[in-house]
Amino acid sequence: MGKADGASVASPGSAAAPSKAGRNLPAAIAVGGGLGAALILILIYAPLVWIGVVAVAMAVATWEVAKRLREADINVPLIPLLLGGQAVIWLSWPYGTTGVLGAFGGTVLVTMVWRLFDHGLAATPRNFLRDTAVAVFVAAWIPLLASFATLMVLQDNGAARVFCLMIVVVCSDVGGYAAGVFFGKHPMVPAISPKKSWEGFAGSLVGCVIGGVLAVTFILDANPLIGVLLGAALVFTATLGDLIESQVKRELGIKDMGTLLPGHGGIMDRLDSLLPSAFITWLVLTVLV
C-alpha cells in the first residue's frame, strides 16, 4: 500500500501534495476508494470470494515482477511461479498451513528443476544460481506472504480479521502521508527511499496504533492492548515492505512494477506493505485472539 509515499520529506517550494508524493493524487484516491469499497462488500457478503481475489491479485503481481526481472535479464521461470503461486493460495482453503507449506516447497523444487533444463538437456544453464535464488525470493515475497491473508479469512470471524489488517495498513499510509507532507524534514533511509522521513514514520506509528486499537476493540471485541501490539508491529512491516520493493525497483532501475492502476502503478505497487503485514496480522491474531 505504500505508494502514497506517506513518509515523504517535504520539499521546499512544493505546494501540491501530488508533487511530493510523485503521484496523481485524485486518480490514486479514486482507484483506492473503489478497490476498498469492492473488498469491503466482498468480505461482508461473500468472504470466501476473498480467496479468489487474493489468487488473481497474486497472479498479476507475480507476472508484473517476473516481467520486470526478465527485462533486466534475470530469467525467472514464469510458469512454475504462476502455477505454484496459485497452489499456495488455493491449497490454504482445504489444508490450511500444511497446504501452504507443501505448495510452497513444491513450487521451489519445480522452479529449480525448470530453470536447470529450460534451455534443453544439451545446454549449460547460465546464471542458474542467481535466477533460481531470485525466483525463490519472488515465490516467498508474493504468494507465500499473501497466503496468510487467505488463512485469516478461513478462521473464526475471519472477515473481521482481514478488516483489521486492511484498516491498520490504511491508517499507516494516511498517518505517514499527512505527517510526511506537513512535517517531513529528516530522511529515514535516503539510500533506499529518499522521500521517506522519520516524521512520516512517526505519523504512521500513531495511525497504526489508533487504527489497531479501534479495529481490535470494536470489530473483534478483543483486548485493546492487542490492538496496540498489532499497530506497533504493522508500522514496521508496512514500512519495511515498502522499502523492500523500493530497493528491488532501484536495482532494476524502474519507478513502478506496472501501470494497471492509475495513480498507483501496478498491483504489486499496492501490495508491498500489505504482504508482510498479512503474515504479522495472522500471527498476532492467531496467537492472541
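The values are calculated or read from the model by the stated rules, or taken from the named source; none is laboratory data. The structure displayed is predicted, hence computed values, not measured ones. Don't worry about glycine lacking a Cβ; one is built from the backbone with ideal geometry, like all the others, and counts go over all protein chains shown. These area figures cover heavy atoms from the full protein model, side chains too; ligands, DNA and RNA do not enter into them. Shrake-Rupley method; radii C 1.70, N 1.55, O 1.52, S 1.80 Å.
Here is how the numbers come out for the structure above:
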| quantity | calculated |
| --- | --- |
| Solvent exposure, largest accessible area first (probe 1.4 Å, DNA, RNA and ligands not counted), of Thr237, Thr150 | Thr237, Thr150 |
| Base-10 log of normalised Debye intensity for the stretch 105-207 (one unit scatterer per alpha-carbon) at q = 0.12 Å⁻¹ | -0.70 |
| Relative contact order of the chain, pairs being alpha-carbon contacts under 8 Å that are 6 or more residues apart, as % | 27 |
| Relative contact order %, the stretch 135-202, counting alpha carbon pairs below 8 Å whose residues are six or more apart | 21 |
| Of Ile44, Ile226, Ile167, the one that fluctuates the most in a GNM where the chain has Cα springs shorter than 10 Å | Ile44 |
| Most positive-pole-ward Cα, Ala202, Val213, Ser246, against dipole of the stretch 131-289 from beta carbon charges | Ala202 |
| Heavy atoms of Arg115: accessible area, 1.4 Å probe, square angstrom to 10 | 10 |
| Heavy-atom accessible surface of the chain: percent carbon and sulfur, 1.4 Å | 74 |
| Solvent exposure, largest accessible area first (probe 1.4 Å, DNA, RNA and ligands not counted), of Tyr95, Tyr177 | Tyr95, Tyr177 |
| Which of Thr239, Thr259 is most accessible, then next, and so on - probe 1.4 Å | Thr259, Thr239 |
| Part-to-part distance (alpha-carbon centres) for the stretch 98-166 and the stretch 33-58, which is given in Å | 21 |
| Of the DSSP H helices in the chain, those whose Cα atoms cover at least 24 Å axially and whose Kyte score averages -0.5 or more | 25-45, 49-71, 92-117, 158-183, 198-218, 224-252 |
| Mean residue ellipticity (222 nm) of the chain, computed from DSSP H runs ≥ 4 via -39,500 (n - 2.57), nearest 500 | -24000 deg cm²/dmol |
| Cα-centre dipole for the chain with unit charges at Cβ (Lys and Arg positive, Asp and Glu negative), debye to 20 | 440 |
| Accessible area in square angstrom per residue, the stretch 162-289, 1.4 angstrom probe | 42 |
| Equivalent ellipsoid semi-axes, the chain, via Cα gyration tensor eigenvalues times 5, rooted, Å | 31, 25, 15 |
